[in-house]
Structure formats: C-alpha cells, structure tokens
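Notes follow the structure.
The values are calculated or read from the model by the stated rules, or taken from the named source; none is laboratory data. These figures come from a predicted structure and were not determined experimentally. With ideal geometry, Cβ positions are generated from the backbone for all residues, glycine too; neighbour counts draw on all protein chains shown. Surface areas here come from the heavy atoms of the whole protein model, side chains and all, with no ligands, DNA or RNA. Shrake-Rupley method; radii C 1.70, N 1.55, O 1.52, S 1.80 Å.
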Amino acid sequence: MKRGITIAGGGLAGLSLGIALRNRGVAVELHEAGSYPRHRVCGEFISGVRPAVLETLGIADLLAGAEVQRSTAWFSGGKQIFAAQLPVPARGISRHVLDDAMRMRFQESGGVLHERSRQQAQGREGLVWCAGRIPARGKWIGLKCHVREMPLHADLEMHLGRNGYAGVARVSPDTVNVCGLFRLDKTLEGAGVLPKYLRQGGLSELAGRMESSVVDPASFAAVAGFRLGWQRSRTEMMTLGDACGMTPPFTGNGMSMAFESAAIAVAPILRYATGVEEWGNTRKILQRQLLRKFSLRLVYAQAMHPFLTRSIGQAFLAAVTRSRLLPFHLCFHALR
Ligand SMILES: Cc1cc2nc3c(=O)[nH]c(=O)nc-3n(C[C@H](O)[C@H](O)[C@H](O)COP(=O)(O)OP(=O)(O)OC[C@H]3O[C@@H](n4cnc5c(N)ncnc54)[C@H](O)[C@@H]3O)c2cc1C
C-alpha cells in the first residue's frame, strides 16, 4: 500500500474501521484519548446493523455471544402503554467487553494503538476523525449503570418520564444496563444520581427496582455537552460515527450507525491508500455517501424525539398506543 491512515478515536467507528483496513493491508495508527477496558454511556442495545456490515468490518464473531432481545415494553409515568415483539431481534453487549475485544482484534491484526493520546481536531490528509460527539452546549445528560439480578418486564423496557427517558436491557445473562437521557439538572449530583433523575421524572418504580438489585458502581458513566443530529459542520475533516451524526438514543441505532459509517468508508479509503484517489476527493465522496445513507434516518429520529421527551408528545404517544394505532413496525424500520 502506498499510503497509511491515522484514526482519532477508538470507539466503535474508529476500531471497526481500523480492523477492516488492517485486514486489507493498510497501515493504521489509532489514537484513543482514554484507555481500555472502560464503560461508556450507552444503552448497549444494538439494533439495525446488517450481518454483512459486520462481516465487511471483520467483527461479526465478536457479537456472536451477545444477548438476543426479542420483546419490548413501553411505560409512561410508570404505567405500561405498549408491548410488542421487536420486528427484528436486537443484541445486547457491554461496551466494556465489546470495545476491549475490538481493541484486541485491531492490535492482533497489526494496527498500532496509542492509548491516552488525545488528537487535535483538524482536517489533515490521512486523518479519519472518529472521536465521537463534537462537544457543544446542550440540554441533555446521558447516564448509565449496570445492575445485576434485576427482574425485567421485557427484553427491552423503555420508560418515558417528565425529564426524559430511560431504556433497560440485558447485556449479559446476569447483568442489565439501565441508561437514560435526561434534561440536565445541575442540582442533581453525587452517588445514586441515576435513580435521582429517574425519580425526578416520576419513574420511581424503575428507580426502586434498580436500587433493590445489585448496582455495579464501577460501571456508572455520564456524558453531557452534546447536540443530537448532524454534528457541527467540519467540512475539512473526514468524520465517522457520532462525530458525523448523532441519532437520539431511543432509536437504539447509534452503534449500528457507527459500524455502518465505518463500512461505507472502507472502499473510498482503500482507493486513497492504493494511490488511486486523492484525499480531498475521497473525503467528498465519502461525505456524499454518508449524507445519502443517514439523512432521512436522522430526520425521522429527530421528528419522533419530542414524542418521547415532551409531556404533550408523551400524552399523544400514550393515547395512540392505547388505541392500538401506533405504526410500530413503520417507525422501527424508518429509524434503521
Ligand atoms: C444516553 C445514551 C444512550 C445510548 N444508547 C444507545 C443504544 O442503546 N444503542 C445504540 O446503538 N446507541 C446508543 N447510543 C449511541 C452510541 O453510544 C453511539 O452512537 C456510539 O458509541 C458511537 O460510536 P463512535 O465510535 O462514533 O463514538 P464513541 O463510542 O463515543 O467513541 C469515540 C472515542 O473517541 C475518543 N476520543 C474523544 N476525543 C478524542 C480525541 N480528541 N482524540 C482521540 N480520541 C478521542 C473517546 O475517548 C472515545 O473512545 C447512546 C448514546 C447516549 C448518549
């Protein structure tokens, strides 16, 4: 290969792209600001990614042992409003486990990894920016925690509260992930902040169920300072995953988008690496492909988001589901 690639950010987009390029003989250096293994704020519910995408990336086997989720139940203000089978089963796996397995695969394939190496955001030849959400003032906080021995009403529970929503899903045979997106309230902090947000939103049943199970404090993670949707335009940079576009968490599709964007990037980057295409053109071609792939999905997701986060939207959603008029399959497929 004539040219190597540098990747900033060793999350799902960065690691999967790194593995796929290494498997095709491209020299890859990856810089990750943190280190492995580590917990991430994520519902860890993978839905919508096609097996062919995982095969292209060379990581299909790493997800083979994930929990399979088939059913879902939705609650508003603590009352069940909807239950169904998922149109396509989803997978649940801890990011602590998955990211580290991908890290290992990347290194075994000959990739060079620099941990605790924070890169400057800049558009330079050969640099692929996979460093997650682009920091921005935003009104949301994401919180997540693993809980053991917690009983579930369905494989995926979705709880709508006055201040946001929370998802609950199994990520290993004895571990459940509780993860929520809430309107940021700086008065809520300290130990047990996730149940505090749940109670503030009227989700006391879930908070109580969580607290009467075995909470793993080491798994707690929080993130704030982001905006959903297309990220601030950095036209000179090649961006993938959340760095390119952040879908609202309720879709359960952000991890899939990270994988899909990496898979889309493989062919154009190979053309650059073999000297067939210049970097500027490669970036433009990829940007167009990403826009085509994700624009509609992000528009639908952002249009639906207020139905989960605003009281009037939630009341409408509850009424529609009670009348059995919710086009669940249509919404599910529109978001993937
Ligand atoms: C509350 C919440 C719940 C969610 N739930 C789900 C869900 O259930 N299902 C789903 O599919 N998606 C979910 N998501 C979205 C999902 O987590 C992301 O879409 C996914 O992690 C994106 O992967 P990524 O590789 O683009 O970014 P990330 O996984 O964020 O990885 C980015 C990496 O870059 C590193 N980094 C940052 N800055 C730098 C720098 N300057 N230099 C070098 N490295 C850097 C970071 O340390 C990080 O490791 C959720 C998100 C939130 C906020």
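Provide the packing ranking of 131-139, 241-249, 29-37, i.e. peptides ordered by the mean count of other C-beta atoms within 10 Å per residue, highest first.
241-249, 29-37, 131-139
What is the projected area of the convex hull of the Cα atoms of the chain, averaged over all directions, in nm²?
Quarter of the Cα hull surface area: 15.6 nm².
Taking the chain as a Gaussian network, where each spring joins two C-alpha atoms under 10 Å apart, which residue of ASP155, ASP174, ASP100 fluctuates the most?
Highest fluctuation among the options: ASP174.
Assuming R0 = 41 Å, can you tell me the calculated FRET efficiency for the pair PHE316 and ARG50, based on Cβ-Cβ distance, to the nearest 0.05?
0.80
Mind grabbing the accessible area of THR321 for me, 1.4 Å probe, Å², rounded to tens?
10
For the range 158-171, just list the computed ³J(HN,Hα) in residue order, Karplus coefficients 6.51, -1.76 and 1.60, θ = phi - 60°, integers in Hz, with x standing in for Gly and Pro.
Calculated HN-Hα couplings, in order: 10, 10, 9, x, 5, 10, x, 8, 9, x, 10, 8, 6, 10 Hz.
What is the percent carbon and sulfur in the accessible area of the range 82-123, measuring with a 1.4 Å probe over the protein chains and ignoring ligands?
On the range 82-123, the fraction of accessible area on carbon and sulfur atoms equals 45 percent.
State the percentage of accessible surface on the range 190-249 attributable to carbon and sulfur atoms; use a 1.4 Å probe and exclude ligands, DNA and RNA.
56
What do you get when you divide the Cα radius of gyration of the range 92-225 by 2.2 N^0.38 Å, with N the number of residues?
That ratio works out to 1.24.
For the range 97-188, which GluC sites (Glu not before Pro) pass both filters: DSSP loop (anything but H, G, I, E, B) and at most 14 other C-beta atoms within 10 Å?
Hits after loop and neighbour filter: GLU115, GLU125, GLU149.
Mind listing P(r) for the range 1-122? All alpha-carbon pairs, 5 Å bins, whole percents.
Computed distribution, short to long bins: 2, 10, 18, 19, 16, 13, 8, 6, 4, 2, 1, 0.
Could you tell me the number of lysine pairs in the chain with C-alpha atoms less than 30 Å from each other, where the two lysines are 8 or more residues apart or belong to different chains?
14
Can you list the residues, at least 5 places off or on another chain, whose amide H is less than 5 Å from the amide H of VAL215, using H built in the peptide plane?
For VAL215, whose amide H was placed from the backbone, the distant partners under 5 Å are ARG148.
Which whole-number value in Å² is the accessible area per residue of the chain, probe 1.4 Å?
44
In percent, how large is the relative contact order of the range 102-207, given Cα pairs closer than 8 Å and 6 or more residues apart?
Contact order relative to length: 22 percent.
Quick check: with the 1.4 Å probe, what order do LYS284, LYS2 take by accessible area, largest first?
Putting LYS284, LYS2 in descending order of accessible area: LYS2, LYS284.
I'd like to verify something in the chain: which complete DSSP H helices, judged by Cα projection on the helix axis, reach 24 Å or more and average at least -0.5 on the Kyte-Doolittle scale?
Those that pass (Cα extent of 24 Å or more, hydropathy at least -0.5) are 254-273, 279-309.
Using only alpha carbon pairs under 8 Å that are at least six residues apart, calculate the relative contact order of the chain and give it in whole percent.
The normalised contact order for the chain reaches 24 percent.
For LEU30, what residues show an amide H to amide H distance below 5 Å, using hydrogens built from the backbone and excluding near sequence neighbours?
Distant-sequence amide H within range of LEU30: ILE7, VAL112, LEU113, HIS114.
Compute the orientation-averaged projected area for the range 75-148 from the convex hull of its Cα atoms and round it to one decimal in nm².
10.0
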